[in-house]
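Okay, structure first, notes after.
The values are calculated or read from the model by the stated rules, or taken from the named source; none is laboratory data. Computed from a prediction, not measured in an experiment: that's the story for all the values here. Please note: Cβ atoms are built from the backbone with ideal geometry, for glycine as well, and neighbour counts cover all protein chains shown. Areas reflect the complete protein model, heavy atoms only, side chains present, ligands, DNA and RNA absent. Shrake-Rupley method; radii C 1.70, N 1.55, O 1.52, S 1.80 Å.
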Amino acid sequence: MSGVRVLLAEYVTSVAAPGDLPPPDRPEIALLGRSNVGKSSLINVLVNRKRLAYPSATPGKTRLLNYYLVQLRTSRGVTELYLVDTPGYGYARVPKSLRGRYDELATALLAGTRPSTAGAVLIVDARHPGLANDLAAREWLNTLGVPTLVVATKTDKLSRNRLQKALAGHRKSLGEPPIPFSAVTGIGREELWTAILGMVRHHEGLD
Ligand SMILES: Nc1nc2c(ncn2[C@@H]2O[C@H](COP(=O)(O)OP(=O)(O)O)[C@@H](O)[C@H]2O)c(=O)[nH]1
Ligand SMILES: [Mg+2]
């Protein structure tokens, strides 16, 4: 049974430039990962909505930060936060100019200038440990000092044996065990919410 009830999940705004970022009035959790890794699908599963975050069939299509306001009821009361879906990195067909804009936006979101930055969720493909751009993203978040959770998604695509091997590979290359997740089976949803709420409470100085 879920300890977290989603009371509300709604699209708020899209951001194309740092100047468009909304007022920092709720804790923000940024979702990062390669294009097509499953960021939007993961958001939809978290909030129990089929198409809130529009998972796209076209990799690299989402080029803006998309803000979703989520209101939750937990055993500790009602909490509000923003989940921020970001464009994927490392998609070969995205022109350099756009990659620059992504870096600029991600930096504005996470580099410590917003009092609302509560943390990041770095999403990697369970099947592919050790990808250079995933490790670069982890390194970058470390450098910024942003609290980060790593999630290995699409675990449903691996047999139990292969999954154990792959997760060990992720643990080794990332230096920490990722949370196993699947948008298909919903596995990991509860653990991820608990971890996200931990970052939010820490951000608010409650834990
Ligand atoms: N089997 C499986 N497919 C997934 C999972 N998560 C996402 N996908 C698929 O992967 C593709 C990209 O997902 P999307 O959420 O749009 O990735 P994004 O670009 O990171 O937002 C879509 O076809 C999804 O249906 C998962 O956990 N398991
Ligand atoms: Mg997406």
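Of all residues in segment 149-187, those satisfying the criterion of being open to solvent by less than 60 Å² (accessible area, probe 1.4 Å), more than 16 Å from ligand 2 (Cβ to nearest atom), within 17 Å of the chain's Cα centre (by Cα) and among the hydrophobic types (A, V, I, L, M, F, W, C) are LEU149, VAL150, ALA152, LEU174, ILE179.
Take the residues in segment 23-56 that are without any contact (Cβ under 8 Å) to a residue 60 or more places away in the chain and within 11 Å of the chain's Cα centre (by Cα), then tell me which one is surrounded by the most Cβ atoms within 10 Å (Cβ to Cβ). Checking each candidate, the answer is ILE43. When residues in segment 7-51 are screened for being assigned to a strand (DSSP E or B), among the hydrophobic types (A, V, I, L, M, F, W, C) and closer than 26 Å to ARG138 by Cα, 5 of them pass.
Kindly state which helices (runs of 4 or more DSSP H) lie completely within segment 127-207 and contain at least 1 residues that are within 16 Å of ligand 1 (Cβ to nearest atom) and under 30 Å from VAL78 (Cβ atoms).
Output list reads 189-203.
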